[in-house]
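Peer 1: Handing you a structure now.
Read the figures in this text as sums done on the coordinates, not as results from a lab. Keep in mind that this is a model prediction, so the values were computed, not measured. Cβ: placed from backbone, ideal geometry, glycine included. Neighbour counts: every protein chain shown.
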Amino acid sequence: MSASHFFFRISMSFGSSKGYCCYYSCSTFFCLCKSTKGLHKERMIHPKLFSLTRLPGRNKMASYCFLVLAMCAAQTLCITIESVPGMDGERVILTELERTVSLVCFSNRSEDEAAELVWLRNGRMVALREGNRQGQSGVCIMPVIHQDNGATFTCRLRSNASVEASVTLNVTYPPIVSGSEGVWVEQASPLLLSCDTFANPPVSSVRWTLNGSAIDILAGRFTLTDDGFTSRLAADKAEKSKHEGLYRCTVDSPVYGIKSKDFLVTVTERTLKFPLMPIIAGVVVVCLTAVLAIVSRWKRISKCCK
């Protein structure tokens with residue numbers, strides 16, 4: 001039986017009938033009235049109605065069921081959560097990045113000292129201010145970030161961890177794909193273009209084009225990879241005839257639609273790089289050699305200068 005339910009059984013004599021069972025949840029009552037002839041009737045009553053359909057010959061039995069239901073309701077603690085924005089039937093809250101989510105937890109017996117509430121995020125305790133714990137407690141997620149996607153917030157009784165309610169966040173966000181970028185690469189040097197595909201829900205497709213046409217991976221000696229976060233188009237050695245031009249990465253999101261980013265790739269002639277470090281090393285060696293030579297012949301040099 002789940003944490004928010006309570007089972008209560010009471011036996012009493014009523015003609016040939018004996019044994020009345022009540023099963024209570026925060027939203028529904030069930031009353032099972034049994035007799036020597038077996039199960040007579042199962043009643044399902046919303047707690048706000050507290051009324052029973054009267055069956056012929058079962059009026060007194062129905063009245064006993066009603067009394068049992070009232071006893072159940074008086075002894076049961078329930079936890080409920082309300083949210084802005086609202087949640088769906090599976091207790092999932094749909095929101096977006098940079099938005100705000102407000103959660104408020106209620107106990108049906110707020111005046112009870114045992115109704116102190118605690119919040120947990122993915123099983124870890126959330127720090128609450130004093131006065132935000134007894135009978136009613138609220139938390140605010142502001143702003144919503146990537147790490148909040150899939151996070152479960154649970155409100156429970158401090159005195160009884162089995163009495164609890166939970167909600168889960170579903171954070172949607174688009175891939176960051178827009179604008180244009182200039183890329184310069186030397187002949188025979190590696191070429192790497194990156195396109196963001198990190199999104200929720202995941203993008204449905206990623207397409208690369210060169211000068212308006214689909215890229216021929218084999219002819220251009222390209223390597224195309226996608227790890228769910230970034231789509232990468234790479235070539236080990238850039239060639240002006242094959243790799244220069246306007247590249248476009250097009251991403252299709254089921255929620256945010258089609259987005260694209262352009263890369264204008266220019267392949268330049270290979271330049272002879274100045275060997276700076278070897279020259280510096282050579283100059284240092286020459287200077288040290290000259291200093292040592294002067295020190296070793298210092299006496300002779302000083303005599304000649306007299």
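Peer 1: Non-local amide H neighbours of C78 (under 5 Å, H modeled in plane, Pro and chain starts lacking H): which ones?
Peer 2: For C78, the qualifying residues are N108, R109.
Peer 1: Could you give the Stokes-Einstein D for segment 194-261 in µm² per second, using the C-alpha Kirkwood radius, 20 °C, 1.002 mPa s?
Peer 2: 169 µm²/s
Peer 1: Using a Förster distance of 41 angstrom, determine the FRET efficiency expected from the C-beta separation of S162 and R232, and round it to 0.05.
Peer 2: 0.25
Peer 1: Enumerate the residues in segment 229-260 having an amide nitrogen under 18 Å from the point lying 7 Å beyond the Cα of R221 toward its Cβ.
Peer 2: Answer for this model: 233-245.
Peer 1: Per-residue HN-Hα couplings for segment 174-187, Karplus 6.51 cos²θ - 1.76 cosθ + 1.60 at θ = phi - 60°, whole Hz, x for Gly and Pro?
Peer 2: Values, residue by residue: x, x, 8, 10, 5, x, 9, 8, x, 10, 10, 9, 7, 4 Hz.
Peer 1: Let me ask another. Evaluate the distance, in nm, between pseudo-label points positioned 7 Å from the Cα of T250 and of Q134 along their respective Cα→Cβ axes.
Peer 2: The two pseudo-label positions are separated by 6.3 nm.
Peer 1: Compute the relative contact order of segment 79-172 as a whole-number percentage, counting only Cα pairs closer than 8 Å that sit 6 or more residues apart in sequence.
Peer 2: Contact order relative to length: 37 percent.
Peer 1: Modelling each spin label as a point 7 Å along the Cα-to-Cβ direction, I'd like the E116/N211 distance in nm, to one decimal.
Peer 2: 7.4 nm
Peer 1: If you don't mind, another one. Over 17 Å, how big is the tail of the calculated P(r) for segment 126-180, in percent of all Cα pairs? Before the final figure, lay out each step's value.
Peer 2: Details: 790 of 1485 pairs.
Everything past 17 Å amounts to 53 percent.
Peer 1: Can I ask one more? Considering all projection directions equally, how large on average is the shadow of the alpha-carbon convex hull of segment 70-212, in square nanometres?
Peer 2: Working: hull surface 53.9 nm².
If you wrap the Cα atoms of segment 70-212 in a convex hull and average its projections, you get 13.5 nm².
Peer 1: Under a straight-distance cross-link criterion of Cα-Cα below 13 Å, which aspartates and glutamates are reachable from K259, leaving out those fewer than 8 residues away in the same chain?
Peer 2: Reachable aspartates and glutamates: D196.
Peer 1: Moving to a separate point now. Going 7 Å from the Cα of T152 toward and past its Cβ, which residues in segment 122-138 have a backbone nitrogen under 15 Å from where you end up?
Peer 2: Only 122-125 pass the distance filter.
Peer 1: Can you tell me which aspartates and glutamates have their Cα less than 16 Å from the Cα of K240? Leave out same-chain residues fewer than eight positions away.
Peer 2: Straight-distance partners of K240: E186, D216, E269.
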